[in-house]
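To keep things clear, I will list the structure first and then write my remarks on it.
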Amino acid sequence: MMATASYSSGGAAESAAEERAKTEAVFTSIGDGAIATDEFGKITRINPAALKILGFKEKDVVGEWFPNIIVTLDDAGAPVSLIDRPITRAFLTGQTVSEKTYYRTKNGARLPVAVTVSPIIYNERPIGAIEVFRDVTVEYEIDRMKSEFISLASHQLRTPLSAIKTYTHMLMDGYMGDITPEQRRSLSTIIGASNRMNELISTLLNITRIESGSISVQPRMLSLKKLAEEAMKDLDHAATSRDITLTLAHSTSDCMVRTDSLIAKEIISNLASNAIKYTPDGGSVTLKLTNRAHSVVLGVQDTGLGIPKAAHAQIFTKFFRAPNVVKLETSGTGLGLYLVKGLADRLGGKVWFTSEEHKGSTFYISLPKDSNKIAANAAGLVVRKS
Amino acid sequence: MARTTESLYERVVQTTHIYLGPAADRFIDRQVQNHIHKEPSTLNEADLILLIDWIRVAVSLLTDDSEIVEEYILQLERLAHPKPIGKVHDGYSQL
């Protein structure tokens, strides 16, 4: 379709016509689908890309009520309620809404799309909306294959690791005859290395599950204080072997929360073991529980290396490691805090930190006392960390 | 019988409840907070006038029955303009 401009003697009219022509050209020629609606939710314009992606004809769409034509589906293929749709939320908030979701095409197929919806404001009044979307099937497929590969590879790696650990322990315990002290030290090294490899595989598997939404959350009332004590018990040897003081400061209450115990303990263990790892020998790591009206906050404070200010914004990014720790220790995956954030999100919690280089860091996790927030996040598949 | 001490906010929520059901107060709260940026309970007539357009577009995406939408909006306009505004809509009795 050619964009044309009508020329008139009035400068303003000519300018307006020119702008309309440009807008028309953009709307028609962009590769992403674009749909315009009026203030009554009726479709006023739809571009060729949108028609091609969804399989509709223009005459079947223009003038129709948007939710009747563009059906948004959830992960399970069920229609999303009207009030939760991106376009409704754009008008409820007055802001642009961007998200990935699914549309139902004309032939009934479920199509993954990345959608951005913006209200159209004129003279401070909303007069409609523009929704732009693109087909992200290829991206979804790549993500799915990546997750499947990591999951398969991780499971395949666990089997030989299990054999290594089993037989190494049998040797250590003398099942195959006496061993020398030197042999014992070598076997300890093997066990330590295989434990680290197992932790890495667990981390990779958990990340895959978070990203695929397949972690099941099973909330129950529990004492965060008791959970913190259990996590500290597991890390006691790691701390004492380096003369690091590991303590728990808490109020007299048990700090009860309704949450998933395995996931919450994983978060606490990750934060505490990070604190120990990056604290010099002789330092201290303190866990502190604070009871708030609607949540419980656990702080993990260390006297360690701290995080350079330039690295603060990326600390929860996948594979990111701050430059000062990379210099100190070249191994490490940069996945621990990414995992912590993902797990905290699943529990409806928040994670944040304060830190100063050379002085130490405090990481905080806040968990809600009620389960309504996490109930919405519960996924159907049950794949628990073993 | 309406309580004379009912605030405008309460009357708006009651009216909205007729059309949106139990989600009424959450719907109105979000509209006020996001578009007027104030505590919902402090809603006044001037705020409601500004809000009506936003409510119209949002509700228009919840139902394709334009008559119901306009009926609801008319009720809100009556709350925003306590005196008659001289507007007559087809199918409705005088204000």
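Laboratory data are not the source of any read-out in this text; all were calculated from the coordinates shown. Computed from a predicted model, the values in this text were never measured in an experiment. Glycine also receives a Cβ, built like all others from the backbone with ideal geometry; neighbour counts cover every protein chain displayed.
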Open item on the list: Treating only the Cβ of Lys, Arg, Asp and Glu as charged (+1, +1, -1, -1), what charge dipole size does the range A:140-212 show about its Cα centre? Round to the nearest 20 debye.
Closed with: 60
- [ ] Report Rg(Cα)/(2.2 N^0.38 Å) for the range A:274-357, keeping two decimals.
- [x] 1.15
TODO: Quick one: plug the Kirkwood hydrodynamic radius of the range A:206-362 (C-alpha pairs) into Stokes-Einstein at 37 °C, 0.692 mPa s, and report D in µm²/s.
DONE: 204
Task: All-pairs Cα distance distribution in the protein assembly as shown, expressed in whole percent, bin size 20 Å - done: 18, 40, 30, 11, 2, 0
TODO: Could you work out how far helix A:11-29 tilts from the main Cα principal axis of chain A, as a 0 to 90 degree angle to the nearest 10?
DONE: 50
Task: Assigned charges on the beta-carbon of Lys, Arg, Asp, Glu; the protein assembly as shown dipole about Cα centre (debye) - done: 1300
TODO: With a cut-off of at most 13 other beta carbons within 10 Å, and DSSP calling the residue loop, which trypsin sites (Lys or Arg not before Pro) in the range A:106-175 qualify? Please list them.
DONE: A:LYS106
Task: Efficiency of FRET from Cβ geometry, A:ALA13 and A:LEU200, R₀ 60 Å, rounded to 0.05 - done: 0.35
Task: For the range A:113-124, 3J(HN,Hα) per residue [Karplus equation, 6.51 cos²θ - 1.76 cosθ + 1.60, θ = phi - 60°, Hz, x = Gly/Pro] - done: 9, 9, 10, 10, 10, 10, x, 9, 10, 9, 6, 6
Open item on the list: Loop only by DSSP, 15 or fewer other Cβ within 10 Å of the Cβ. Give me the trypsin sites (Lys or Arg not before Pro) in the range A:8-96 that pass, ordered by residue number.
Closed with: A:LYS57
Open item on the list: I need the P(r) histogram for the range B:12-80: all alpha carbon pairs, bin width 5 Å from 0 out to the longest distance, whole percents.
Closed with: 3, 17, 33, 30, 13, 3, 0
- [ ] For the range A:175-220, just run the numbers: alpha carbon Rg, then divide by 2.2 N^0.38 Å, N being how many residues it has.
- [x] 1.89
Task: Principal-axis tilt of helix A:137-172 within chain A, Cα atoms, nearest 10 degrees - done: 10
Task: Label-to-label distance, nm, for residues given as A:THR166 and B:GLU10 (7 Å Cα→Cβ offset) - done: 7.2
- [ ] Starting from the Cα of A:GLU211, step 7 Å along the direction of its Cβ; do the same at A:VAL71; then give the gap between the two resulting points in nm.
- [x] 3.2
Open item on the list: Run the numbers for A:THR23 and A:PHE149: contour at 0.36 nm per residue of separation, minus the present Cα-Cα distance, in nm.
Closed with: 40.9 nm
Open item on the list: Calculate the FRET efficiency for A:LEU157 and A:THR317 from the Cβ-Cβ distance with a Förster distance of 35 Å, rounded to the nearest 0.05.
Closed with: 0.90
Open item on the list: I'd like the mean, over residues of B:50-58, of how many other protein chain beta carbons sit within 10 Å of each residue's own Cβ.
Closed with: 6
- [ ] Find which of A:LEU205, A:ILE164, A:THR28 sits farthest along the positive direction of the dipole of the protein assembly as shown, computed with +1 on the beta-carbon of Lys and Arg, -1 on that of Asp and Glu, about the Cα centre.
- [x] A:ILE164
Task: Amide H within-cut-off set for A:SER216, under 5 Å, with H built and near neighbours excluded - done: A:VAL383
- [ ] Using only alpha carbon pairs under 8 Å that are at least six residues apart, calculate the relative contact order of chain A and give it in whole percent.
- [x] 11
Task: Translational diffusion coefficient (Stokes-Einstein; Kirkwood radius from C-alpha pairs) of the range A:51-110 at 20 °C, 1.002 mPa s, in µm²/s - done: 172
Open item on the list: As a quick test, which of the pairs A:LYS225/A:LYS265; A:LYS165/A:LYS318; A:LYS165/A:LYS226; A:LYS277/A:LYS327 have an alpha carbon distance above 18 angstrom in this structure?
Closed with: A:LYS165/A:LYS318; A:LYS165/A:LYS226
Task: Gain on full stretching of the segment that runs from A:ASP345 to A:HIS358 - 0.36 nm per residue minus C-alpha separation - done: 1.7 nm
TODO: Using θ = phi - 60° and the Karplus relation 6.51 cos²θ - 1.76 cosθ + 1.60, list the HN-Hα couplings for the range A:47-62 in order, rounded to whole Hz, with x at every Gly or Pro.
DONE: 8, x, 4, 5, 5, 5, 5, 8, x, 9, 9, 4, 5, 7, 10, 5
Task: Neighbour-limited loop hits for GluC sites (Glu not before Pro), the range A:118-197 (at most 11 other Cβ within 10 Å; DSSP other than H, G, I, E, B) - done: A:GLU124
TODO: At 0.36 nm per residue, minus the direct Cα-Cα distance, what do A:THR290 and A:GLU182 gain on full extension? Give it in nm, one decimal, please.
DONE: 34.1 nm
